[in-house]
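Just below is one structure, and these are the notes that go with it.
Read-outs: derived from the displayed coordinates by stated rules, not from any lab. The structure presented is a predicted model; accordingly, all values stated were derived computationally and were not measured. Glycine gets a Cβ as well: all are built from the backbone with ideal geometry, and neighbour counts include every protein chain shown.
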Amino acid sequence: MAKLLFPLRHVPDDEAEEVRALLSSHRIDFYETPPSAFGISAGAIWLRDNTQWETARRLIDDYQAQRFEVQRQHHEELRRQGHRRTIAHVFLENPLRFIVYLAAIAAVLYLSIKPFFALGA
């Protein structure tokens, strides 16, 4: 019976491709379900043979730990160089869009809280 090995929701394409290559290189028998058209299902990588579960899980866990460390180092390097994206950068890229989004957030927040203020009056 097939077993869910790696859900693909919010997984970058490069990471999904590396996981596929990792499983293929270790001769792990898997298949992939595509995401649904309306975003209900994000797709996943499934293991065909449950006897390979421990090996596949260990490979993916090791890969993700290594990827986490590489991404963390990359983030730290960007921070040291001053290239990390901040709210100020977002504002300077497109001030009008930033102000419109901020106004929309404030409006939603106001409309969400307004009924509670009316209860006290």
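Evaluating 6.51 cos²θ - 1.76 cosθ + 1.60 at θ = phi - 60° for every residue in the range 26-31, the Karplus couplings come out as 9, 6, 8, 7, 9, 9 Hz, glycine and proline recorded as x. Here the simple spin-label model places points 7 Å from the Cα toward Cβ, and for residue 10 and residue 98 these points are separated by 2.5 nm. Ranked by how many other Cβ atoms sit within 10 Å of their own Cβ, fewest first, the residues 11, 108 fall in the order 108, 11.
Ranking 55, 37, 26 by Cα position along the charge dipole of the chain, where only Lys, Arg, Asp and Glu carry charges on their C-beta atoms, puts 37 farthest toward the positive end.
Using C-alpha pairs under 8 Å with a sequence gap of at least 6, the mean separation divided by the residue count of the chain gives a relative contact order of 23 percent. In loop segments of the range 14-98 as defined by DSSP, the chymotrypsin sites (Phe, Trp or Tyr not before Pro) with at most 11 further C-beta atoms inside 10 Å of their C-beta are 38.
Measuring r between the beta carbons of residue 89 and residue 46 and using R0 = 30 Å, the FRET efficiency lands at 0.15. For the chain, find the longest principal axis of its Cα atoms and tell me its angle to the long axis of helix 95-120, 0 to 90°, nearest 10. In the chain, helix 95-120 runs at an angle near 70 degrees to the longest axis.
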